[in-house]
Amino acid sequence: MPLTSPTSRVVISGASSGIGLALARRYLQTGAHVAVYARRGELLQTLCDEFPEQVYPYTLDVRDTTALQHAAQDFIQHVGCPDIVIANAGVSVGTLTEYPEDLAAFQQVMDINVLGMVKTFQPFIQPMRSAGRGTFVGIASVAGFRGLPGASAYSASKAAAISYLESLRVELHDSGVKVVTICPGYISTPMTAINPYPMPFILAPDEAARRMARAIARQTRFTVIPWQMGIVGGALKLLPRWLYDSLFAHAPHKPRVTGK
């Protein structure tokens with residue numbers, strides 16, 4: 001039976017490491033009941049051991065529509081309609097269009113970073129509409145502000161995520177359900193560990209999660225974390241194309257994954 005007087009109900013995808021894990025811990029420490037999604041289910045066991053009876057682990061891939069629907073139904077049945085759904089699952093890899101072997105990487109990045117977000121939210125739209133409350137949170141990126149060389153799939157996916165979240169926010173206007181777009185800069189995670197270039201204003205996952213939770217609680221429509229990267233991203237958006245092209249034509253690239 002759903003809880004009659006819940007503290008908070010939260011759903012987080014990509015919760016086995018990095019930002020997702022830090023967010024899960026932050027909400028669990030407040031007493032929330034948290035559904036955690038991840039492909040590597042064994043990494044969720046530590047959370048289950050640390051916060052018994054608060055964690056609802058679901059081993060799944062956000063590309064799997066059926067698995068996401070079953071997880072949503074199970075969580076609602078046992079805990080109730082969530083207060084917060086965070087679509088955090090994402091992948092980043094260097095890509096270059098000239099290489100035919102990179103086409104699979106393009107497909108994977110778009111499927112996880114964009115369609116995975118849509119599929120994570122979809123089962124909760126009607127329940128949250130009916131409840132007249134709740135918040136959908138999409139983790140996008142400053143990388144979605146301009147196309148970064150060598151990261152074309154990632155930049156495109158995050159630009160698409162930003163636009164998708166704006167559309168969803170407008171669609172849910174006056175429903176009582178809010179949509180929050182969060183664009184992180186550099187966060188110290190396994191995803192950024194392979195970057196062969198300086199990462200200004202980089203944050204630890206716990207600090208990033210603290211700032212994100214604050215933005216979510218305030219139901220801020222759009223935020224960049226840290227704020228300094230918002231200034232950098234805003235400046236990049238204002239650069240004329242000829243100048244942007246000249247400045248970034250020889251920028252270092254994220255490594256491509258080869259040999260697969």
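What the table shows:
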quantity: Distance from segment 7-59 to segment 83-113 (C-alpha centre basis), Å; calculated: 23
quantity: With at most 12 neighbouring Cβ atoms within 10 Å, loop GluC sites (Glu not before Pro) (DSSP) excluded, longest segment of the chain; calculated: 99-260
quantity: Among VAL180, VAL36, VAL91, residue whose mean-square fluctuation peaks in a GNM of the chain (springs only between Cα atoms under 10 Å); calculated: VAL91
quantity: The chain: relative contact order as a whole-number percent, Cα under 8 Å and 6+ apart; calculated: 18
quantity: Integer Hz, Karplus 6.51/-1.76/1.60 couplings in order for segment 201-218, x for Gly and Pro; calculated: 6, 5, 10, 6, x, 5, 5, 4, 5, 4, 5, 5, 4, 5, 5, 5, 4, 7
quantity: Amide H partners (placed H, <5 Å) of ILE225, local residues excluded; calculated: CYS183, GLY185
quantity: Largest-first ellipsoid semi-axes for the chain, taking √(5λ) over the Cα gyration tensor eigenvalues, angstrom; calculated: 31, 20, 17
quantity: Nonlocal amide H pairs with VAL180, under 5 Å, H built at 1.01 Å; calculated: PHE136, VAL137, GLY138
quantity: Within-11-Å neighbourhood charge of PHE145 [Cβ basis; K, R +1; D, E -1]; calculated: +3
quantity: Size of charge dipole - the chain - debye, nearest 20, with Cβ of Lys, Arg +1 and Asp, Glu -1, no other charges; calculated: 640
quantity: Table column - 3J(HN,Hα) (Hz), segment 239-251, Karplus curve with 6.51, -1.76, 1.60, x for Gly and Pro; calculated: 5, x, 4, 4, 6, 4, 4, 5, 6, 9, 4, 10, 5
quantity: Helical contribution to [θ] at 222 nm, DSSP H n ≥ 4, -39,500 (n - 2.57), averaged over the chain, rounded to 500; calculated: -13000 deg cm²/dmol
quantity: Amide H within-cut-off set for VAL11, under 5 Å, with H built and near neighbours excluded; calculated: ALA35, ILE84, VAL85, ILE86
quantity: In the chain, lysine pairs closer than 29 Å at Cα, eight or more apart or cross-chain; calculated: 10
quantity: Positive-end residue, segment 96-188 charge dipole about Cα centroid, Cβ charges, pick of PRO123, PHE106, SER152; calculated: PRO123
quantity: Gaussian network model of the chain, springs between alpha carbon atoms under 10 Å - residue of TYR186, TYR99, TYR164 with greatest fluctuation; calculated: TYR99
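Each value in this text was obtained by applying a stated rule to the coordinates, not by laboratory testing. The structure displayed is predicted, hence computed values, not measured ones. Note: ideal-geometry Cβ built from the backbone for every residue, glycine included; neighbour counts use all protein chains shown.
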